[in-house]
Amino acid sequence: MPIVNRVADLQPDIQAWRRDLHAHPEVLYEVHRTAAFVAERLREFGCDEVATGLGKTGVVGVIKGRKPAGGDVKVIGLRADMDALPIEEQTGLPYASKTPGQMHACGHDGHTAMLLGAARYLAETRNFAGQAVVVFQPAEEGGAGAAAMIKDGLMERFAIDQIYGMHNGPGMPIGSFAIRTGPIMAATDSIDINIEGIGGHAARPHKSLDSVLVGAELITALQQIVSRNVDPLDAAVISMCEFHAGNARNVIPQTAVLRGTVRTLTAEVRELVEKRVRAVVAGVAQMTGAKIDLTYERGYPVTNNHAVQTQFATRVAKEIAGDTNVHEMPPLMGAEDFAYMLEKRPGAFIFCGNGDSAGLHHPAYNFSDEAIVFGTSYWIKLVENTLPA
């Protein structure tokens, strides 16, 4: 594994970048320090072009190979996300977040650092034809930064033919990868429900229209959609996670608010679930007499890996990790806005082992520096195999 060995020499620098980013987390589109850090490194590496401000704060670097590309694929895109989460860190690390209420609890610091490491290597060696485009994206955590960069012309401006993404995987052994063809992560939609009944004294419920009871009816009915309307062989999740009503034990509240999330893996099931949610809300409103306002918003689409590119990514991962350390995984019901990029160009999304760490979005999570060599090597090999010199 010559690339792995050579990347090991870069590991101390990549680790230092990662820990600096970890100590200075930024959320959503407000990744100004992070973007400036990335752009400065890319210029130091000698990238042929460094563009900033795509999707508000995204950064793109272009690295040209030794020869013009001669095949169907002339430009390959590699994407890393830069944003952190609004979570108070509880790791106790010497490089823990210095920003109260924000932390890199999903490993985007590691993703950014690994892609920077790959960019440095590729800019030094240029052992490929065509162009490698490294894409550093803001606002993956709920802000749809991928869609914003696409809207700003990412694919067309840099003539990207294929696009690849990677995420760390807690619980997966260091040095392993997991991937699958087709849906690998779910679409995510949001449900917001406002209920208005008639408030009153708790001892006189017959003179009121109880918004709490209406909310309970809704939750019970909504949770039955998956079990009684969705084919058992398909996957879907409806989770109602917020219920706000009342502030006194002897007052029936006038209003109640429910909020929840929907996760699906196919367009057909997504349509079905939305249709049933709307019907259930309308039915409960008619049954109870309460006024119920529903806001159903589509979020990230399904992250759908393309077959040819997934097979290729699997072969590359096996070159880095060995055949027995690359696994076909079941789909996850979490969401990922790299889905927008896969709607525009063929490509694949892969998971790289993070070892026995706390889970993603947990205040004790930390990206494992031991994963750096494997993730960085995967990026490099992906370029060199896609665009052979």
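Nothing in this text is a laboratory measurement; each read-out follows from the coordinates by a stated rule. Keep in mind the model is a prediction, meaning the values are calculated, not measured. Quick reminder, even Gly has a Cβ in these numbers, built from the backbone with ideal geometry, and neighbours come from all protein chains shown.
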Testing the spin-label approximation: label points 7 Å from Cα along Cα→Cβ at GLN224 and ASN250. State their distance in nm. 3.6 nm
What does DSSP give for the chain in terms of the percent of beta bridges that are antiparallel, rounded to the nearest 5? 65 percent
Under a Gaussian network model of the chain whose springs join Cα atoms within less than 10 Å, the largest fluctuation of ILE63, ILE191, ILE163 belongs to ILE191
Roughly how many whole Å is it from the C-alpha centroid of the range 141-200 to that of the range 249-311? 18 Å
As I understand it, the value is the acute angle between the Cα axis of helix 108-125 and the longest principal axis of the Cα atoms of the chain; what does it come to in degrees, rounded to 10? 20 degrees
To the nearest 10 degrees, how steep is helix 32-45 against the longest Cα principal axis of the chain, on a 0 to 90 scale? 20 degrees
Most to least packed among 69-82, 32-45 [average Cβ atoms within 10 Å]: 69-82, 32-45
HN-Hα J couplings of the range 250-263 from phi, Karplus 6.51/-1.76/1.60, θ = phi - 60°, integer Hz, Gly and Pro as x? 10, 10, 6, x, 6, 10, 8, 10, 10, 9, x, 10, 10, 10
Mind jotting down the three principal axis lengths of the chain based on Cα atoms? Whole angstrom, largest first. 80, 44, 39
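What ranking do ARG18, ARG276, ARG6 get, fewest neighbouring Cβ atoms within 10 angstrom at the top? Intermediate values should be presented prior to the final figure.
On the way: ARG18 24, ARG276 19, ARG6 15.
Listed from fewest to most nearby Cβ atoms, that is ARG6, ARG276, ARG18.
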Only helices counted: for the chain, with every DSSP H run of 4 or more residues adding -39500 (n - 2.57) and the sum spread over all residues, [θ] at 222 nm is -12000 deg cm²/dmol
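Take the cross-link list LYS56/LYS344; LYS67/LYS318; LYS344/LYS381; LYS56/LYS291; LYS64/LYS98 and give me the ones stretching past 28 Å between alpha-carbons.
Numbers: LYS56/LYS344 20 Å; LYS67/LYS318 26 Å; LYS344/LYS381 23 Å; LYS56/LYS291 40 Å; LYS64/LYS98 37 Å.
Exceeds cut-off: LYS56/LYS291; LYS64/LYS98.
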Which of TYR365, TYR164 comes first, and how do the rest follow, when ranked by fewest Cβ neighbours within 10 Å? TYR365, TYR164
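Can you sort MET103, MET329 from fewest to most other Cβ atoms within 10 Å of each residue's own Cβ? Spell out each step's value before the answer.
On the way: MET103 28, MET329 14.
With the fewest neighbours first, MET103, MET329 line up as MET329, MET103.
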Using a 7 Å offset from the Cα along the Cα-to-Cβ direction at both ARG204 and LYS98, what is the distance between the two label points in nm, to one decimal? 6.2 nm
Amide H neighbours of GLU49 under 5 Å, counting only residues 5+ apart in sequence or on other chains, H built in-plane at 1.01 Å? VAL62
Rounding to the nearest 10 and keeping the result within 0 to 90°, find how far the Cα-based axis of helix 372-386 lies from the longest principal axis of the chain. 70 degrees
What list of ³J(HN,Hα) values in whole Hz, one per residue of the range 178-190 in order, does the Karplus curve 6.51 cos²θ - 1.76 cosθ + 1.60 (θ = phi - 60°) give from phi, with Gly and Pro shown as x? 9, 7, 7, 7, x, x, 10, 9, 8, 6, 10, 10, 10
Which far-off residues, 5 or more places away or on another chain, put their amide H under 5 Å from the one on VAL27, with H placed in the peptide plane? ALA84
